[in-house]
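The values are calculated or read from the model by the stated rules, or taken from the named source; none is laboratory data. These figures come from a predicted structure and were not determined experimentally. Note: areas computed on protein heavy atoms with side chains; ligands, DNA, RNA excluded. Shrake-Rupley method; radii C 1.70, N 1.55, O 1.52, S 1.80 Å.
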Amino acid sequence: MKITSDRFEISSSESVSWKDVKTLRLNNGKLALALSDGRVIELSDVRPSTIDTAFRTYEKYLKDHPEKRKR
């Protein structure tokens, strides 16, 4: 897994742009990315440090892109 300021790379073949993430949450111990197209990606066995990085990076993305914040 690789997390950057503009995307969440789940594997070498799958990544999600932060602009496509509607919400990010921890659900029953799984990191869940709810996407704007209605899909939900749930990731299990994610290290606590990776979860922390995901939330911090997504929070920064929302701060830098206020139009994405829920109203």
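Quick notes
- Taking only protein heavy atoms and a 1.4 Å probe, the accessible area of the chain is 44% carbon and sulfur.
- On full extension, the segment bounded by Glu67 and Ser17 gains 16.5 nm, given 0.36 nm per residue less the C-alpha separation.
- Axis angle, to the nearest 10 degrees, between helix 48-64 and the longest C-alpha principal axis of the chain: 10 degrees.
- Within a Gaussian network of the chain (alpha carbon springs, distance under 10 Å), most fluctuating of Leu33, Leu24, Leu43: Leu43
- Diffusion constant of the chain at 20 °C, which comes from Stokes-Einstein with the Kirkwood Cα-pair radius and 1.002 mPa s, µm²/s: 174 µm²/s
- Available extension along the chain between Asp6 and Asp52 is 14.9 nm, counting 0.36 nm per residue and deducting the alpha carbon span.
- Given a 1.4 Å probe and the protein chains as shown, Ser13 ends up with an accessible area of around 110 Å².
- Accessible area per residue for the chain is 71 Å², calculated with a 1.4 Å probe on protein heavy atoms, without ligands, DNA or RNA.
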